[in-house]
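Let me begin by presenting the structure, written as structure tokens, before commenting on it.
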Amino acid sequence: MKRVFVLFLLPLILTLSACAVKQANALETIACPAAPSTPSFYLNADFPTDAILASSSDEGRSAVFLHEDYTLIQEVFAADSLEAALLRVTGRPADEMEVLRVCSFPQEEYRFAWTSAGEEGDLACSAALFSDGAYYYALSVICDAGHEKEYRTVFSDLLASAELEAV
């Protein structure tokens, strides 16, 4: 009797299990937040009144201001790291420079200076670089090395006045 019962129950169990609804494994995905397509800030500074806007990009991400003795360059760009941003601004690897971290809240701020060769002699350059995590904002001052001492206070005040403001 037990065998008959088991033989009857066995096909019943096999057919019932085939009716079960199978669900695909639920996969959890984690999305990394993408960098915003436009910068969240703009770079503001107290530009000297005698510095004239010479050029700017259509998107407003770069501008060049000219003075008879120096050039100011303002840039907003995306970079993978601080090292890549420094290379873009200065043309030099980060390990060849001394970078001073001025502030880390609410955005990171760095200051640095370098020299380079120009068409008419050596150039003295200094810059302030900000990062909001997605974009870098740079303000660079470039002048003939012979005029650097003459404008040192102007450049220092200009870089100190640089700040990010929300768009």
In this structure, does Ala127 turn out to be in contact (Cβ under 8 Å) with a residue 60 or more places away in the chain, touching a strand residue (DSSP E or B) at 6+ places or on another chain (Cβ under 8 Å), under 30 Å from Ser37 (Cα atoms) and not hydroxyl-bearing (Ser, Thr, Tyr)?
no
If I filter region 155-166 down to residues being of a type in the set (Asp, Glu) and either open to solvent by 60 Å² or more (accessible area, probe 1.4 Å) or out of contact with any strand residue (DSSP E or B) (no Cβ under 9 Å at 6 or more places or on another chain) (or both), which single residue comes out as farthest from Leu43 (Cα to Cα)?
Asp157
Filter region 67-89 down to the residues that are more than 11 Å from the chain's Cα centre (by Cα) and aliphatic (A, V, I, L, M), then identify the one that is most open to solvent (accessible area, probe 1.4 Å).
Leu87
Taking only pairs six or more apart or across chains, which ones have beta-carbon atoms under 9 Å, a first residue in region 134-154 that is in contact (Cβ under 8 Å) with a residue 40 or more places away in the chain and buried (at least 22 other Cβ atoms within 10 Å of the Cβ), and a second residue that is assigned to a helix (DSSP H, G or I) and not hydrophobic (A, V, I, L, M, F, W, C)?
Tyr136/Arg88; Ala138/Arg88; Val141/Tyr151; Cys143/Glu150; Cys143/Tyr151
Filtering region 92-132 for residues that are part of a strand (DSSP E or B), of a type outside the set (S, T, N, Q), touching a Leu at 6+ places or on another chain (Cβ under 6 Å) and surrounded by fewer than 19 Cβ atoms within 10 Å (Cβ to Cβ) leaves a count of 1
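Residues checked against (1) modelled with pLDDT under 95; (2) surrounded by fewer than 10 Cβ atoms within 10 Å (Cβ to Cβ); (3) more than 30 Å from Ala166 (Cβ to Cβ):
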| residue | (1), (2), (3) |
| --- | --- |
| Leu9 | yes, no, yes |
| Ala20 | yes, yes, yes |
| Asn25 | yes, yes, yes |
| Cys32 | yes, yes, no |
| Tyr42 | yes, no, no |
| Ala45 | no, no, no |
| Ser56 | yes, no, no |
| Glu59 | yes, yes, no |
| Phe65 | no, no, no |
Matching residues, region 115-130, being modelled with pLDDT of 95 or more and within 17 Å of Val99 (Cα to Cα):
Ala124, Cys125, Ser126, Ala127, Ala128, Leu129, Phe130
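The values are calculated or read from the model by the stated rules, or taken from the named source; none is laboratory data. Remember, it's a predicted structure, so these values are computed and weren't measured experimentally. Cβ sites come from the backbone with ideal geometry, for glycine too, and all protein chains shown count toward neighbours. Protein only, heavy atoms only, side chains kept; ligands, DNA and RNA dropped before computing areas. Shrake-Rupley method; radii C 1.70, N 1.55, O 1.52, S 1.80 Å.
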